[in-house]
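Working notes for the structure below.
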Amino acid sequence: MDTSTPEPQAPAEAALRAAGVSFRVVRHRRASSLAEAAALRGVEPRDIIKTLVVRRASDDFVFVLVPGDREISWPKLRAALGVNRLSLPDAATAFGATGYERGTITPFGSSVAWPVVADASVAGRLISLGAGEHGATVLLEADAALAALGAQVMDISGPLA
């Protein structure tokens with residue numbers, strides 16, 4: 001009889017499996033910097049992909065995927081989405097739109113399958129995405145994730161200010 005305790009499942013795992021995306025969960029402590037987070041995950045800072053929830057209208061959001069060493073270029077993103085105004089919702093609104101707390105947000109397993117826009121620099125490499133809980137991330141091939149999400153891939157970022 002196996003008496004071992006199974007590893008807890010991160011919230012995004014079921015959605016990743018259902019999408020047919022290969023991944024590996026990495027559990028780690030909280031980091032105090034991008035460089036520390038990258039070291040804990042065994043990736044480069046640019047491979048940590050931030051999932052940002054961006055509001056287009058009252059109850060209309062989009063997930064924006066941007067490498068850790070870059071930030072959203074608001075003019076580029078507005079042009080890409082064909083809108084004049086975008087905003088970042090507060091933490092409670094982001095939670096209500098996704099079911100995930102800030103710092104854990106991922107498009108995989110979100111309570112609503114909002115559209116996904118990814119910066120062009122995300123494609124073609126191994127990336128780290130949030131897994132839906134603090135202390136867990138997933139490592140996966142960007143191209144497989146972007147395809148599974150039906151992401152629009154375009155130039156929407158710039159260097160960190």
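So residue 125 ticks every box in (1) closer than 15 Å to residue 51 by Cα; (2) within 15 Å of the chain's Cα centre (by Cα) but one. Which box is left unticked?
Exception for residue 125: condition (1).
Name the residues in the range 109-129 that are within 15 Å of residue 98 (Cα to Cα), surrounded by 20 or more Cβ atoms within 10 Å (Cβ to Cβ) and of a type in the set (Ser, Thr, Tyr), would you?
110
Inside the range 51-80, can you point out the residues that are without any contact (Cβ under 8 Å) to a residue 60 or more places away in the chain, surrounded by fewer than 20 Cβ atoms within 10 Å (Cβ to Cβ) and farther than 19 Å from residue 110 by Cβ?
Result: 74, 75, 78, 79.
Name the single residue, out of those in the range 13-41 being modelled with pLDDT of 95 or more and in a loop (DSSP other than H, G, I, E, B), that is surrounded by the most Cβ atoms within 10 Å (Cβ to Cβ).
Looking at residues that are modelled with pLDDT of 95 or more and in a loop (DSSP other than H, G, I, E, B), I get 21.
Does residue 129 satisfy being more than 24 Å from residue 45 (Cβ to Cβ) and touching a strand residue (DSSP E or B) at 6+ places or on another chain (Cβ under 7 Å)?
no
The values are calculated or read from the model by the stated rules, or taken from the named source; none is laboratory data. Not measured: the values here are computed from a predicted model. Neighbour counts run over all protein chains shown; Cβ positions are idealised from the backbone, glycine included.
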